[in-house]
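One structure below.
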Amino acid sequence: MSFEVIMLWACAFFCTIGFVATFARFLIGPSLADRVVSLDLLTTIGIAIIAIYAIRTREPVMIDVALIIGIISFLGTIAFAYYIQRSTTDDHS
């Protein structure tokens with residue numbers, strides 16, 4: 001096994017551990033803000049897994065897929081933040 005393969009497997013292992021821990025936080029999270037942050041982290045870890053797959057299979061088109069998912073995730077996070085802000089300002093009015 002080459003050093004590259006060992007490092008890719010190590011990255012995949014740690015991404016899996018992070019994904020499981022973040023998903024648990026997503027399920028347990030007491031507030032909506034906790035769930036939004038964990039969902040954003042889940043998509044970030046998913047992008048990392050796609051990047052690992054792209055490096056391992058030498059498929060550069062998968063990097064484009066990861067970038068598009070990142071842009072969509074960013075827009076979703078902005079929408080959730082706007083929703084949370086609107087709901088908290090409406091409660092205090």
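The values are calculated or read from the model by the stated rules, or taken from the named source; none is laboratory data. Here the structure is a predicted model, which is why all the values come from computation and not from measurement. When we count neighbours, we look across all protein chains shown, and the Cβ atoms used for this are built from the backbone with ideal geometry, even at glycine.
Got a number for residues in the stretch 1-21 being of a type in the set (Ser, Thr, Tyr) and part of a helix (DSSP H, G or I)?
Of the residues in that region, 1 qualify.
List pairs: first residue in the stretch 22-38 and under 22 Å from Leu75 (Cβ atoms) and in contact (Cβ under 8 Å) with a residue 24 or more places away in the chain, second residue of a type outside the set (A, V, I, L, M) and in a helix (DSSP H, G or I) anywhere in the structure, Cβ distance under 6 angstrom, at least six positions apart or on different chains.
Close Cβ pairs (under 6 Å, with a partner that is of a type outside the set (A, V, I, L, M) and in a helix (DSSP H, G or I)) amount to Val36/Phe80.
In this structure, does Phe23 turn out to be surrounded by fewer than 13 Cβ atoms within 10 Å (Cβ to Cβ), among the aromatic types (Phe, Trp, Tyr) and modelled with pLDDT of 95 or more?
In short, no.
Per-residue answers, yes or no, for (1) at pLDDT 95 or above; (2) under 22 Å from Phe23 (Cβ atoms):
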{"residue": "Val37", "(1), (2)": "no, yes"}
{"residue": "Thr44", "(1), (2)": "yes, yes"}
{"residue": "Thr57", "(1), (2)": "no, no"}
{"residue": "Pro60", "(1), (2)": "no, no"}
{"residue": "Ala79", "(1), (2)": "no, yes"}
{"residue": "Gln85", "(1), (2)": "no, no"}
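Here's a check for you: in the stretch 22-81, which residue that is among the acidic types (Asp, Glu) and in a helix (DSSP H, G or I) is nearest to the chain's Cα centre (by Cα)?
This residue is Asp40.
So, Gly46, is that one under 30 Å from Met1 (Cα atoms), touching a residue at least 24 places away in the same chain (Cβ under 8 Å) and surrounded by 11 or more Cβ atoms within 10 Å (Cβ to Cβ) or not?
Considered against the rule, which asks whether it is under 30 Å from Met1 (Cα atoms), touching a residue at least 24 places away in the same chain (Cβ under 8 Å) and surrounded by 11 or more Cβ atoms within 10 Å (Cβ to Cβ), Gly46 comes out as yes.
Every residue in the stretch 10-19 that is more than 12 Å from the chain's Cα centre (by Cα) and exposed (fewer than 13 other Cβ atoms within 10 Å of the Cβ), please.
Correct list: Ala10, Phe13, Phe14, Ile17.
Just wondering, is there one or more residues in the stretch 58-77 that are surrounded by 15 or more Cβ atoms within 10 Å (Cβ to Cβ), touching a residue at least 40 places away in the same chain (Cβ under 8 Å) and among the hydrophobic types (A, V, I, L, M, F, W, C)?
no
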